[in-house]
Amino acid sequence: MMVPDAMMVPDYAMIAEISLFSFGFSAAKVLSKKITSTFKLSSEQLSSQDHYDFGMRAVKTVISAAANLKRDQPDASEELICLRAIRDVNVPKFLQDDLKLFNGIVSDLFPKIKQEAIDYGLLDTGLKESCARKNLLDVEGFIGKCIQLYETTVVRHGLMLVGPTGSGKTRCYEVLQDAMTCIKGESIGGYVFEKVLTYVLNPKSITMGQLYGEFDPMTHEWTDGILSSLIRLGSSSTDTTRRWYVFDGPVDAVW
């Protein structure tokens, strides 16, 4: 039996507009169109990469970042806030060649807005001191990647660090972890730094049942996996310590 079916594409601009209005943006209609146009043009002009995402998830992340900035800087220009949110969310994941195209797209959509350099103050100092403790050179590119990782952790619950072997992925999160722990109690833009703990495991070295937990069909008993046990302990903790659960291994759709 054939049943007629209807499907529709969600109106990203309308969803973004309503969300921006709810966060107090008076120019939500104009800004929502600029945000969605940025992703539409990026999907058309930038190269195709597995880790690129220009869908609704990306739009919602930009809106969340803009809302945080609006909360911290209620009197700042709304266009400047949206521009910074778009850059903070997207720049860390783009390849060098695509970054040039993306900057061109953003400059066309925000022609009169000039973004000023952001002063990270204590975090920047903490990152450089952490590099010194770990016998690493605090080169501008590496510090920039650490700051981009910090910005991403503010707006996302989960993220991936991708790159070839020896490109500094592990050192990047280790240096950021050390820096954030050392400046515990300080704050930047309303974000209070806390001690950070990391739990590192290789998801490819064990089965999915050992990783996430599994249900025994014979005894009808649930057995926690390594990750679920760690998260259970972390969620029951009453302190303010931040916990990062790190899957250190090749990216796989299974886990």
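The values are calculated or read from the model by the stated rules, or taken from the named source; none is laboratory data. Given the structure is predicted, the values throughout are model-derived calculations rather than measurements. Ideal geometry is used to build each Cβ from the backbone, glycine not excepted, and the neighbour counts take in all protein chains shown. Areas reflect the complete protein model, heavy atoms only, side chains present, ligands, DNA and RNA absent. Shrake-Rupley method; radii C 1.70, N 1.55, O 1.52, S 1.80 Å.
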Positions within the range 169-211 being within 30 Å of residue 253 (Cα to Cα) and among the polar types (S, T, N, Q), in sequence order: 170, 177, 198, 202, 205, 207, 210
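Quick one: how many residues across the range 19-35 are loosely packed, with under 14 Cβ neighbours inside 10 Å and either on the phi < 0 side of the Ramachandran plot or touching a residue at least 60 places away in the same chain (Cβ under 8 Å) (or both)? Working first, answer last.
The initial filter retains those residues of the range 19-35 that are loosely packed, with under 14 Cβ neighbours inside 10 Å, namely 22, 24, 26.
Remaining after also requiring either on the phi < 0 side of the Ramachandran plot or touching a residue at least 60 places away in the same chain (Cβ under 8 Å) (or both): 22, 26.
Summing the residues that are loosely packed, with under 14 Cβ neighbours inside 10 Å and either on the phi < 0 side of the Ramachandran plot or touching a residue at least 60 places away in the same chain (Cβ under 8 Å) (or both) in the range 19-35 gives 2.
Specify which of the listed residues (231, 206, 183, 226) is out of contact with any Ser or Thr (no Cβ under 6 Å at 6 or more places or on another chain), in contact (Cβ under 8 Å) with a residue 60 or more places away in the chain and surrounded by 12 or more Cβ atoms within 10 Å (Cβ to Cβ).
Values: 231 fails: in contact (Cβ under 8 Å) with a residue 60 or more places away in the chain; 206 fails: in contact (Cβ under 8 Å) with a residue 60 or more places away in the chain; 226 fails: in contact (Cβ under 8 Å) with a residue 60 or more places away in the chain.
Going through 231, 206, 183, 226 in turn, just one is out of contact with any Ser or Thr (no Cβ under 6 Å at 6 or more places or on another chain), in contact (Cβ under 8 Å) with a residue 60 or more places away in the chain and surrounded by 12 or more Cβ atoms within 10 Å (Cβ to Cβ): 183.
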Those residues of the range 125-157 which are of a type in the set (Gly, Ala, Ser) and open to solvent by less than 50 Å² (accessible area, probe 1.4 Å), in sequence order: 126, 130, 144
Single condition residue 72 does not satisfy, out of (1) under 21 Å from residue 246 (Cβ atoms); (2) surrounded by 12 or more Cβ atoms within 10 Å (Cβ to Cβ); (3) out of contact with any Cys (no Cβ under 7 Å at 6 or more places or on another chain): (1)
